[in-house]
Structures are given as C-alpha cells and as structure tokens.
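Accompanying notes for the structure given below.
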Amino acid sequence: MEFDELIKRLNAVADAGLFYGKDVFDIERYHEIKAILPQLLKHSTTLTKEELTDLFRPNNSYPTPMIDVRAFIQNEEKEILFVRDKMQGDWALPGGYGEIGFTPSENLLKELKEEAGVSGEIERLLAIFDTDKWQPQGKHYYKFVFKCKALSIDFLENSETSETKFIKRSELTNLSVKRTTMSQLSLLEKLSKTGKQYID
C-alpha cells in the first residue's frame, strides 16, 4: 500500500475500534491513534486539506466504503454525455453518491434527471471501480458505472451543473479525474462495444 492508503486504513481501523470498543483503555488508545494520524500527514501526503478534514471527521458508525453511481451514455457519433460542475467548471459523467432508500439503479436515474435533465433507461452494469486503485482520495468508495440510453434530454441549469454536452473522449479537456479518469473512460468505451464487464 502507498503511504496515503496506509493512513486511511489505519484511520478506518481506529474508527472501527471506537465503534465496537468496550474497554475504556482500548478506546483511549484508538482516540490516541486518531490524534496522531493528522500529525503524520503533515510530512507527506497527496490529499487536499478538504479531503484530510473529511477523512478525520468523527465517525459514529462502522467505517465502510461509500458508493458512487455514474451513467455512460453515447450518441450515434459515439460521443459521451458529460455534465459540467457548476463550482469547479470541470466535466464528469452524470451521477453522484448513492442515497439511502434507493437502489443503485434508482439512484442513477434520479441523478441523471436532476443533474443532466435526462430521462434515461439503464441497459446494463459496465463496471465497478475501486477509487483507491484508480484515483486515491480522502474517502474510499466504489464507483458503479451503468451503460444507459437517453430517452429525452431537457437540461436546465441547476445547483450542481451548468451545462450538459456530448463530447468525444479525444476532444475532452478539464476532466474531473476525482470522479472519472481518462483510463476509466477508455475502458468504458471498450466495454460498451464488447458487452463485457469490469469489476475491481
């Protein structure tokens, strides 16, 4: 494991100990580990200040990866549908974190409508990516990417996205690599053609 991944793993072990721990002395030791970890990261880390703040935020449940759902939609010219983030100005596949009370596919169709104004139809699961393998960041999560069909598009600027557009991967600039990397997009294009599936 890389240094950042070791820190995240140690933080998760400490969180699990605080969640399950009963012995007062063990709990004190887990709190001490949580206090030491940020000091270690002062020396060497690729994580941003915001990611570090999020990583070390108190946790009152068992630490487990989050899930993220994304839609891979192509038009007849094989351009890919992207949305532009309103705050950062970069491009990403439509989608977002899964919400409790919805299945992964329900979450995705909801995100498609809200972010991109797309009434969509899910065709199949293309891939499940482990973000720590592709683009490590503060939180550890699994990305579910579904091949979808756009039945209609009626985009309105909203609180999250300022634009939606079909773009060729080779012509894409300012990609949000925290959400999807170029390598992942290349793989998704191949999977879409072959009918195969990728799971980390």
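The values are calculated or read from the model by the stated rules, or taken from the named source; none is laboratory data. Bear in mind that the values here come from a model prediction, so they are computed numbers and not experimental data. For neighbour counting, all protein chains shown are included, and Cβ atoms are generated from backbone atoms with ideal geometry for every residue, glycine included. Side chains included, ligands, DNA and RNA excluded: accessible areas come from the protein's heavy atoms. Shrake-Rupley method; radii C 1.70, N 1.55, O 1.52, S 1.80 Å.
Just one of (1) at pLDDT below 80; (2) touching a helix residue (DSSP H, G or I) at 6+ places or on another chain (Cβ under 6 Å); (3) among the small types (Gly, Ala, Ser) trips up Ser61, so point out which.
(2)
Every residue, every condition in (1) under 16 Å from Ile67 (Cβ atoms); (2) surrounded by fewer than 18 Cβ atoms within 10 Å (Cβ to Cβ); (3) of a type outside the set (D, E, K, R), yes or no:
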| residue | (1), (2), (3) |
| --- | --- |
| Glu115 | no, no, no |
| Gly120 | no, no, yes |
| Leu126 | yes, no, yes |
| Lys143 | yes, no, no |
| Ser152 | no, yes, yes |
| Phe155 | no, yes, yes |
| Lys168 | no, yes, no |
| Leu172 | no, yes, yes |
| Lys193 | no, yes, no |
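I'd like to verify a number: residues in the range 10-31 that are in contact with a Gly (Cβ under 6 Å, 6 or more places away or on another chain) and not hydroxyl-bearing (Ser, Thr, Tyr), how many? Even if it seems obvious, please write down each step before you answer.
So the first thing to find is which residues in the range 10-31 are in contact with a Gly (Cβ under 6 Å, 6 or more places away or on another chain), and the list is 27, 30.
Those left that are additionally not hydroxyl-bearing (Ser, Thr, Tyr): 27.
Selection size over the range 10-31: 1.
Go through (1) farther than 21 Å from Ile67 by Cα; (2) surrounded by 14 or more Cβ atoms within 10 Å (Cβ to Cβ); (3) at pLDDT 95 or above and name the single condition Ser186 misses.
Ser186 satisfies every listed condition except (2).
Could you grab me the full set of residues in the range 67-89 that are in contact (Cβ under 8 Å) with a residue 24 or more places away in the chain, open to solvent by 70 Å² or more (accessible area, probe 1.4 Å) and either touching a helix residue (DSSP H, G or I) at 6+ places or on another chain (Cβ under 7 Å) or under 29 Å from Glu5 (Cβ atoms) (or both)? Spell out the reasoning first.
Taking the range 67-89 and keeping what is in contact (Cβ under 8 Å) with a residue 24 or more places away in the chain, we get 67-75, 77-86, 88-89.
Checking the rest, the ones that are also open to solvent by 70 Å² or more (accessible area, probe 1.4 Å) come to 77-78, 86, 88.
The one that is in contact (Cβ under 8 Å) with a residue 24 or more places away in the chain, open to solvent by 70 Å² or more (accessible area, probe 1.4 Å) and either touching a helix residue (DSSP H, G or I) at 6+ places or on another chain (Cβ under 7 Å) or under 29 Å from Glu5 (Cβ atoms) (or both): Gln88.
Is one or more of the residues making up the range 90-106 open to solvent by 50 Å² or more (accessible area, probe 1.4 Å), assigned by the TED database to the domain that holds Ser152, at pLDDT below 95 and on the phi > 0 side of the Ramachandran plot?
Yes - at least one qualifying residue is present in the range 90-106.
Which one of the conditions (1) over 19 Å from Gly117 (Cβ atoms); (2) at pLDDT 95 or above; (3) surrounded by 13 or more Cβ atoms within 10 Å (Cβ to Cβ) does Thr181 fail to meet, given that it meets all the rest?
(2)
Any chance you could count how many residues in the range 9-28 are open to solvent by 70 Å² or more (accessible area, probe 1.4 Å), of a type in the set (D, E, K, R) and in contact (Cβ under 8 Å) with a residue 12 or more places away in the chain?
Counting residues in the range 9-28 that are open to solvent by 70 Å² or more (accessible area, probe 1.4 Å), of a type in the set (D, E, K, R) and in contact (Cβ under 8 Å) with a residue 12 or more places away in the chain gives 0.
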